[in-house]
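In what follows, a structure is listed as C-alpha cells, so that the remarks can point back to it.
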Amino acid sequence: MKAIPFLVSFITTGRLHGLEIGSPLGEVDEAIHCKFIDDACRSGLSLRRDYGFFEFSFNPGPEWVMANCSIQLHRLASGGSMPREWRKSMQVDFPQYLAWDELWDALSRTPEAPAMKVTDQGGFLEHRAAVADVNVSVIVSDDHEERGRSLGHGDVWSVSMWAADPTP
C-alpha cells in the first residue's frame, strides 16, 4: 500500500492497522512487526513505545492500553532504513517527503473526509478534526526552507490520533 491511501484511512477512521485508541498493548504487538524501544516513566503511569517514525503512548490499568499514536514523517527526510523496514514489515511504502497538498487532495476526494480546523503553531500549521471519538491532527511545515535532510515548506511533519475529550 502507498503512504497516501494509508494516511487517508488513518485520518478518516482513527485506526492504524486495525488498532484504535484503547487497544491493549498485546494487540499492538500482534499488529506492528518492527523494532522498537520502550520508555516507561518511573511512576508507572505511562509507557511510550517508539518504532522510529511511529510512536504509541499507553495508559496503565489491568493492562496497558493505547492512549495515542503518531506517525513522525519528518524522521524520514534524513533517509536511512526506516522506510525500508516499514515497507518490508508492514507493507506500507512511505516516501522521503510527503507534501500536504498531495495528502489533502486525496483526503478531500474521500466521502468520509472530516472537516479540518487549521491553526498556526509557530512555524507549523495544524490541521485538526474529530472522527467519532478520536481526534486526528496533521502537522505541516510552514517555514520556507528547501527540502534536504529536513522537510521543506508544505511537507507533512506528523499525523496523530488521540481520544477526544468526553462531552460534558
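The values are calculated or read from the model by the stated rules, or taken from the named source; none is laboratory data. Bear in mind the structure is a predicted one, so any value in this text is a computation, not a measurement. Don't worry about glycine lacking a Cβ; one is built from the backbone with ideal geometry, like all the others, and counts go over all protein chains shown. In case anyone asks, the SASA skips ligands and DNA or RNA and just uses the protein heavy atoms, side chains included. Shrake-Rupley method; radii C 1.70, N 1.55, O 1.52, S 1.80 Å.
Write out the trypsin sites (Lys or Arg not before Pro) in the range 40-135 meeting two conditions: DSSP loop, and at most 16 other Cβ atoms within 10 Å of their Cβ.
Answer in residue order: Arg42, Arg109.
Which whole-number percentage describes the relative contact order of the range 86-168, with Cα contacts under 8 Å and a sequence gap of 6 or more? Before the final figure, lay out each step's value.
Working: 119 pairs, mean separation 19.1, N = 83.
Relative contact order, the range 86-168: 23 percent.
If I compute solvent accessible area with a 1.4 Å probe over the protein chains, what percent of it on the range 12-92 is carbon and sulfur? Don't jump to the answer; show the numbers that get you there.
Values: 2010 of 4090 Å².
Carbon and sulfur together cover 49 percent of it.
Solvent-accessible area per residue for the range 1-68 at a 1.4 Å probe radius, Å²? Walk me through the numbers before you get to the answer.
Working: 3500 Å² over 68 residues.
Ligands and nucleic acids excluded, the figure is 51 Å² per residue.
Apply the Karplus curve 6.51 cos²θ - 1.76 cosθ + 1.60, θ = phi - 60°, to the phi angles in the range 78-88 and return the couplings in whole Hz, x for Gly and Pro.
7, x, x, 8, 4, x, 5, 5, 5, 4, 5
Give me the net charge of Pro60's neighbourhood, meaning all other residues with Cβ under 15 Å from the Cβ of Pro60; Lys, Arg count +1, Asp, Glu -1.
0
What is the Rg over Rh value, at two decimals, for the range 41-140, using alpha-carbon atoms and the Kirkwood definition of Rh? Write down the numbers at each step before the final one.
Values: Rg = 15.8 Å, Rh = 15.8 Å.
Rg divided by Rh gives 1.00.
Name the GluC sites (Glu not before Pro) in the range 1-95 that are in a loop by DSSP and that have at most 12 other C-beta atoms within 10 Å, would you?
Details: sites: Glu20, Glu27, Glu30, Glu55, Glu63, Glu85; in loops: Glu20, Glu63.
Passing both the DSSP loop test and the Cβ count: Glu63.
Need the list of lysines near Lys88 for cross-linking: C-alpha distance under 25 angstrom, and skip anything on the same chain fewer than eight residues off.
List returned: Lys2, Lys35.
Would you pull out the residues with amide H under 5 Å of Leu98's amide H, same chain only if 5 or more places away, H placed 1.01 Å from N?
It is Val156, by chain and number.
Can you compute 3J(HN,Hα) from phi for each residue in the range 117-128, using the Karplus curve 6.51 cos²θ - 1.76 cosθ + 1.60 with θ = phi - 60°, rounded to whole Hz and x for Gly and Pro?
8, 9, 10, 7, 10, x, x, 9, 10, 9, 9, 10
Relative contact order for the chain: what percent, with Cα pairs under 8 Å and sequence separation of 6 or more? List each step's numbers first, then the result.
Values: 322 pairs, mean separation 37.0, N = 168.
Rounded, it is 22 percent for the chain.
Quick check: Cα centre of the range 23-73 to Cα centre of the range 109-168, how many Å?
One Cα centre to the other: 21 Å.
Volume per residue, Å³, of the convex hull around the alpha-carbon atoms of the chain? Numbers along the way, then the final one.
Values: hull volume 22.4 nm³, N = 168.
So the per-residue Cα hull volume is 133 Å³.
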